[in-house]
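Heads up, the thing below is written out as structure tokens.
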Amino acid sequence: NGSGPSPSPSPPAPAGTTMDLRPQNADAHRDAGPVAPRAERPKGVGEDHRYAEASRAPMFAMLSTLVAKHFKIAWRSWRLFALVLIFAIMVTPIAVLHCVFGGMSFSTGDGDDETTRQMRKAWAINSIMGLTVPLCIALSQTSAMQVIVAAMVADKESKMKVVQLISSVPLWGYWASYMMYFMAVTSVFSVGFAILLRSTCLALANPLLVFFSLELSYMHTFAFGAVLVTVFERAKVASIICGLCSVLGVIMPVLGALQQGGTLQMPKVASYLIGLLPSASVACVLQGALCLEVPGAAGWQFGPRFFDGLPAQPADPDFGRKHATEISLPSPGEAFMAQIAQTLLVALFAYWFDQVYQGDFGAAKPTCFCCMPSFLCPRRRPAKPGRCLEGAPAGEEGGVAALELNRLRKEYRRGRKRFAAVDDMSFHVRSGEIFA
């Protein structure tokens with residue numbers, strides 16, 4: 001309504017000065033004076049000393065935020081409940097079968113002494129559990145891989161992975177956050193399996209060794225799933241393929257059970273190659289450890305007995321074995337060391353494949369990028385400075401072109417027709433400049 005005194009206009013700025021155009025309240029606006037020229041201001045006063053400098057959060061804060069996000073999404077989408085349910089289902093057959101066969105007598109006549117009865121019982125239980133335990137663990141791990149792959153592919157499908165990478169999350173940090181989340185969840189399952197096996201069929205084995213082998217197998221499964229995430233762009237398709245991968249987890253338990261019973265003789269190299277498949281390496285370790293759970297053996301332990309070979313299966317005419325049968329399985333110590341190498345090999349392959357595979361966004365790196373000097377020693381090969389822009393004095397901040405495009409043209413084909421998406425586009429981006 002025009003009542004009240006009208007505010008007095010601000011005095012004009014002297015020549016050669018720049019005005020601070022940031023929003024201020026009325027009192028601060030009345031008290032504000034001219035801003036000193038750029039050359040007279042110390043760095044960090046009035047504006048940042050770098051032109052549009054981007055800031056990145058500390059890596060620890062970034063990883064903890066991403067892991068917390070994964071847990072929150074998994075809780076809201078019932079993925080954690082699905083993992084726990086799968087674990088409970090796979091634990092049940094191991095406990096039930098051990099209770100059933102542990103109370104049975106495997107004597108074939110009244111003339112058998114106590115040692116013979118114990119030996120027959122130990123080998124019979126080991127043969128049964130040698131197929132059941134690796135099979136249940138393999139199905140549990142491939143099901144867990146199916147859950148984590150579906151979550152990561154859903155990130156790609158919703159473009160959240162691209163958003164995170166654009167938002168200064170490094171690629172290795174993105175994969176590390178999912179690995180830390182998967183490790184935190186599966187370590188609980190590994191502890192549960194180790195306690196169950198300690199109280200049932202692996203009473204002589206060191207539980208820490210069993211736990212480490214199980215957790216390594218989960219990490220191996222995660223690395224194998226990372227390869228599938230790189231290839232597939234739809235969560236439903238990736239979930240179906242992971243379900244088919246459950247068949248791969250059955251190969252080693254079946255072959256190992258045949259070797260354990262003396263029916264199949266296979267070279268150790270073949271077992272190591274099959275161990276590159278998901279959940280196959282832990283099957284080899286556990287079946288070897290089960291062979292040491294017989295009377296007279298000390299079980300799989302740290303120390304001098306870590307690489308103990310497997311005992312021969314004794315002759316037993318009542319069960320069709322006229323002679324002692326050598327077991328071609330590698331010892332649990334050898335299989336464990338091979339498992340470490342297999343896990344590292346699959347993890348390195350997953351990282352390399354993610355870099356060289358051409359996805360929907362970005363450009364794939366050369367096949368041998370890991371052998372290039374710029375990758376091996378990036379700090380010793382600094383980037384060449386860009387061209388100094390016209391009209392910008394040498395050394396001035398923001399005066400160097402970090403990116404330049406000159407008369408860019410991009411065409412697409414539809415049948416015999418061509419469509420120009422971009423025609424004669426030119427622009428430059430200054431050093432340190434950011435476009436959202």
The range 246-287: number of residues that are in a helix (DSSP H, G or I) and either open to solvent by 10 Å² or more (accessible area, probe 1.4 Å) or among the aliphatic types (A, V, I, L, M) (or both)
19
The condition from (1) in contact with a helix residue (DSSP H, G or I) (Cβ under 8 Å, 6 or more places away or on another chain); (2) within 30 Å of Cys99 (Cβ to Cβ); (3) open to solvent by 10 Å² or more (accessible area, probe 1.4 Å); (4) not aliphatic (A, V, I, L, M) that Ser199 misses is numbered (1)
Scanning the range 272-298 residue by residue, those at pLDDT 85 or above, closer than 23 Å to Ile125 by Cα and not hydrophobic (A, V, I, L, M, F, W, C) turn out to be Ser279, Ser281, Gln287, Gly288
Considering only the range 304-335, how many residues are open to solvent by 50 Å² or more (accessible area, probe 1.4 Å), at pLDDT 65 or above and of a type in the set (Gly, Ala, Ser)?
1
Out of the range 190-246, which residues are under 23 Å from Asp360 (Cβ atoms), of a type in the set (Ser, Thr, Tyr) and at pLDDT 85 or above?
Thr230
Test Ser177 against the criterion of being in contact (Cβ under 8 Å) with a residue 24 or more places away in the chain, closer than 16 Å to Ser140 by Cα and either touching an Asp or Glu at 6+ places or on another chain (Cβ under 8 Å) or of a type in the set (S, T, N, Q) (or both), and give yes or no.
no
Scan the range 197-209 and tell me whether some residue there is touching a Lys or Arg at 6+ places or on another chain (Cβ under 8 Å) and assigned to a helix (DSSP H, G or I).
yes
Would you be able to say whether some residue in the range 159-171 is part of a loop (DSSP other than H, G, I, E, B), of a type outside the set (Asp, Glu) and at pLDDT 90 or above?
no
Tally of residues being open to solvent by 80 Å² or more (accessible area, probe 1.4 Å) and in a loop (DSSP other than H, G, I, E, B) across the range 358-373
7
The correct count of residues that are open to solvent by less than 10 Å² (accessible area, probe 1.4 Å) and within 23 Å of Ile128 (Cβ to Cβ) in the range 202-245 is 7
Total residues in the range 73-107, condition part of a loop (DSSP other than H, G, I, E, B) and modelled with pLDDT of 85 or more
2
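The values are calculated or read from the model by the stated rules, or taken from the named source; none is laboratory data. Computed from a predicted structure; not experimentally measured. Heads up, the Cβs are rebuilt from the backbone with ideal geometry, glycines too, and the neighbour counts pull from every protein chain shown. Side chains are part of the model used for accessible areas, which takes the heavy atoms of the whole protein and leaves out ligands, DNA and RNA. Shrake-Rupley method; radii C 1.70, N 1.55, O 1.52, S 1.80 Å.
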